[in-house]
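The structure appears below as structure tokens.
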Amino acid sequence: MHSAYTSDIASLVHACHERFLNSTNIVLSRDISARFDEHGQVLFASLHRLYAQRFVSHQEFTNWCLQLTARMAVRLNERSDALLILDQKRSKQPDWFTSQNMLGYCAYADRFAGNLRGINEKIPHLRSLGISYLHLLPFLKARTGENDGGFAVSDFSQVEPSLGTMADLNQLTAALRTAGISLCSDLVLNHVADDHPWAIAARNGSDEYRDYFYHYPDRTIPDQFEETLPQIFPQVAPGNFTYIEAMRSWVWTTFYPYQWDLNYSNPAVFAEMSDAMLHLANQGIEAFRLDSTAFLWKRTGTNCMNQPEAHLILQCLRAIAAIVTPGVLLKAEAIVPTQDLPPYLGDLHGRKKECHIAYHSSLMAGAWVAMAEQNVSLLSEVIRSTPELPPETSWLTYVRCHDDIGWNVLRPEASQLGGDVQQRLSTVSRFYAGLDNSFASGASFQASEPSAVHGTVGMASALCGLQKARSEEELQAALKRMLLLYGLTLSFGGMPLIYMGDEIAQGNDDHYTNEPAHRLDSRWLHRPIWDVALASQSVNETSCNGQFLKSLKSLLHLRRRLPQLAARNHRQLLQYEDPSVLLMLRDSDSQYVLFAGNFSGTEKILSLAHLQKLLPALNISHSSLWKNNDCQPADDTLRIGPWEQIWLFPLSQSE
């Protein structure tokens, strides 16, 4: 049986290889052939596991694979010379995105710059920060009216008209590439809008397109699924199925009723979505944030998340990208507990490859908990639980993003520490909602299920206390808290991300409820329009916002000089007696960076003798020091003020 299977796959790979090369008119055919040899086996073996049973014969399945291969060749033939050169360069350095020089930025095109053309004018600002990766949140044609911030896509081949055209996108990607910045686009894998052509055809009676979705004539099967399914938006979109009168069917809608889940058990859906990815890559997009990756496969009796087939789908997309567009990165948007994250990156031996990058949401949430509790125990547990990275992969580390802070992702680590996990996370949620006399100005976001803890929304500066600050002391404390969170993000290892407006300490958009399409989604609290006046004011380094921008740029500049901070390098927590102090060591080739963060509102005094016991290589007289304020070593101690941080590293690396 195994021998027959192996023979079938070998023959299939050979046939597809021949079809691919015969359909390709690219001069670099030798390199392309080698890429097919390397990734074709994984691609077609995985496709066989996913879809062979959907065909009446092996020959029929082979024909479908040949058609898929032909579409891949078409997309390769359309690839520009500039992108082919980029592919070749990055193929020779497959870990190019893991260095300490990588820095991301995330923004909505319209709220940051009006439209895609406006982004061109922001390139000097991005370069001043050292940005090398720009994630523009959904800019493809979206559903008219409510569209989940653009995540309800109506057409994967068009730009949202209010933002520009495909020609504008091509011009922008070329300009960014010249500036050394890779553009990342969302690729919404799990669903399409109810006005997408596939959904319209399904509603109009097409059996072919109805099979692109999960649809049921009555509630029998949906009710079976609902027994174990979570609810993503229980307050505004309860349930996971929506009745569509025109189809006389219940359609699977995990998120909102106007977002129809795609049926990936249908091979036609996979073929269409992989082709959409390649088409967009040919417009110059160099990275894809694969949205909702955990939800791609449905199975009764489970929560329909993190299923084995979802990982096979991602492995297939990775293989296709590696063959046709090897200069392109795939990023997993899998907001799942740390223990469930490793498969989204592959295995440690590099035999299974999925996404290049994954969000480390637990690190982000754990850091906010440490600040609320003035205790690093949970954050430390997250760091200790962080798995080793597979080859040529990276974490994406961040302080804030367009989504809410979901505290429930921390349940596994919190359970390890004992106590009432529900109470602990609920207390943190209340704290950042601005309750219980906290310094934060945030709001609660709906919980994913009745027993879950509410998430938190709000801009970083507001959650750190800037909005409530009524004195210079409170203002400075808020700025230090925010810088501390960014310091951890920058030193942890991975690709750090700056969320639009954070660099100038921009606050909440308290007027989002005035917009009908936004008022029911409190996440718009932290999706403000770029504040031009505040950005101009930030040029003044004595202003509140200017102080933060100056300090952040100082840290960004320092990070670029320290190769110890590259994603692949070793990370270690050093034990310290004070529960509010985090000591994290990053080292490579006998060079080190020691991050010391004070997650409390009181000054801490570190014993240099104790530090040297923890880190024998540390020689304070031959070390450079980055600090928030005046915290130079005095006698045998190192003082760290409230909410401050210190970076210690060899003197040879200082300027």
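The values are calculated or read from the model by the stated rules, or taken from the named source; none is laboratory data. Treat the numbers as computed from the prediction; the structure is a model and nothing was measured. Methodologically, a virtual Cβ is constructed for each residue, glycine included, from the backbone with ideal geometry; neighbour enumeration extends over all protein chains shown. SASA here: full protein model, heavy atoms, side chains in, ligands and nucleic acids out. Shrake-Rupley method; radii C 1.70, N 1.55, O 1.52, S 1.80 Å.
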Qualifying lysines (Cα of each under 30 Å from Cα of Lys604; at least 8 residues distant if same chain): Lys468, Lys480, Lys550, Lys553, Lys613, Lys627
Under a point-charge model restricted to the Cβ atoms of Lys and Arg (+1) and Asp and Glu (-1), what is the dipole moment magnitude of the chain relative to its Cα centre, in debye to the nearest 20? 1180 debye
Length gained when the stretch Ser80-Ser607 is fully extended (0.36 nm per residue, less Cα-Cα span): 183.9 nm
Pick out, in residue order, every one of the GluC sites (Glu not before Pro) in the range 236-294 that is DSSP loop and has at most 15 other C-beta atoms within 10 Å; say none if there are none. Glu245
Based only on Cα atoms, what Rg/Rh ratio does the range 71-114 have, Rh being taken as Kirkwood's radius? 1.14
Net lengthening on full extension, Arg177/Arg117 (0.36 nm per residue, minus Cα-Cα): 20.1 nm
Whole-number accessible area per residue in Å² for the range 1-112, which is evaluated in the context of all protein chains at 1.4 Å: 50 Å²
Could you sort Ile323, Ile200 by their accessible area in this structure, using a 1.4 Å probe and putting the largest first? Ile200, Ile323
Give the carbon-plus-sulfur fraction of the accessible surface of the range 407-463 in %, rounded to a whole number; probe 1.4 Å, heavy atoms of protein chains only. 49 percent
Please report, in cubic angstrom per residue, the volume enclosed by the convex hull of the alpha-carbon atoms of the chain. 164 Å³
Relative to a virtual label point 7 Å from the Cα of Thr513 in the Cα→beta-carbon direction, which members of the range 421-443 show backbone nitrogen distances below 13 Å? 443
Quick check: the distance between the Cα centres of the range 126-144 and the range 315-363, to the nearest angstrom? 20 Å
For the range 107-150, which whole percent of the accessible surface, found with a 1.4 angstrom probe, sits on carbon and sulfur atoms? 40 percent
Within straight-line cross-link reach of Lys92, lysines at Cα separation under 23 Å, skipping those fewer than 8 residues along the same chain: Lys331, Lys352, Lys353
Loop-only GluC sites (Glu not before Pro) in the range 374-443, please: DSSP not H, G, I, E or B, and at most 13 other Cβ atoms within 10 Å. Glu388
Counting only C-alpha contacts under 8 Å and six or more residues apart, can you give the relative contact order of the chain as a whole percent? 12 percent
Tell me, what is the FRET efficiency for Gln416 and His349 to the nearest 0.05, using R0 = 25 angstrom and their Cβ-Cβ distance as r? 0.35
Note down the nm distance, to one decimal, between modelled labels 7 Å out along Cα→Cβ at Phe55 and at Leu651. 6.8 nm
C-alpha center-to-center spacing [the range 194-272, the range 373-399] in angstrom: 36 Å
Share of antiparallel DSSP beta bridges in the chain, in percent to the nearest 5? 60 percent
Taking the range 44-95, which chymotrypsin sites (Phe, Trp or Tyr not before Pro) meet the DSSP loop condition and have no more than 16 other C-beta atoms within 10 Å? Phe55
Order by accessible surface, 1.4 Å probe, largest leading, for residues Arg79, Arg639, Arg424 comes to Arg639, Arg424, Arg79
The range 136-258, relative contact order in percent, only Cα pairs under 8 angstrom and at least six apart counted: 20 percent
Which whole-number value in Å³ per residue fits the convex hull of the alpha carbons of the range 512-584? 206 Å³
Which order do the peptides 491-498, 293-300, 16-23 take when ranked by the mean count of other beta-carbon atoms within 10 Å per residue, highest first? 491-498, 293-300, 16-23
Using a 7 Å offset from the Cα along the Cα-to-Cβ direction at both Glu474 and Gln224, what is the distance between the two label points in nm, to one decimal? 5.8 nm
Expressed as a rounded percentage, what relative contact order does the range 241-321 have, with Cα pairs under 8 Å and six or more residues apart? 17 percent
How far, in nm, would the chain grow between Glu541 and Arg299 when pulled straight, counting 0.36 nm per residue and subtracting the alpha carbon separation? 81.5 nm
Which whole-angstrom value gives the distance between the alpha carbon centres of the range 540-612 and the range 33-81? 47 Å
Given a Förster distance of 25 Å, the FRET efficiency implied by the Cβ-Cβ spacing of Met166 and Leu520, rounded to the nearest 0.05, works out to 0.20
Grab the eigenvalues of the alpha-carbon gyration tensor for the range 413-567, scale each by 5, take roots, and send me the semi-axes largest first in whole angstrom. 27, 22, 16
If you take the C-alpha gyration tensor of the range 305-405, multiply each eigenvalue by 5 and take the square root, what semi-axes do you get, largest first, in whole Å? 28, 13, 12
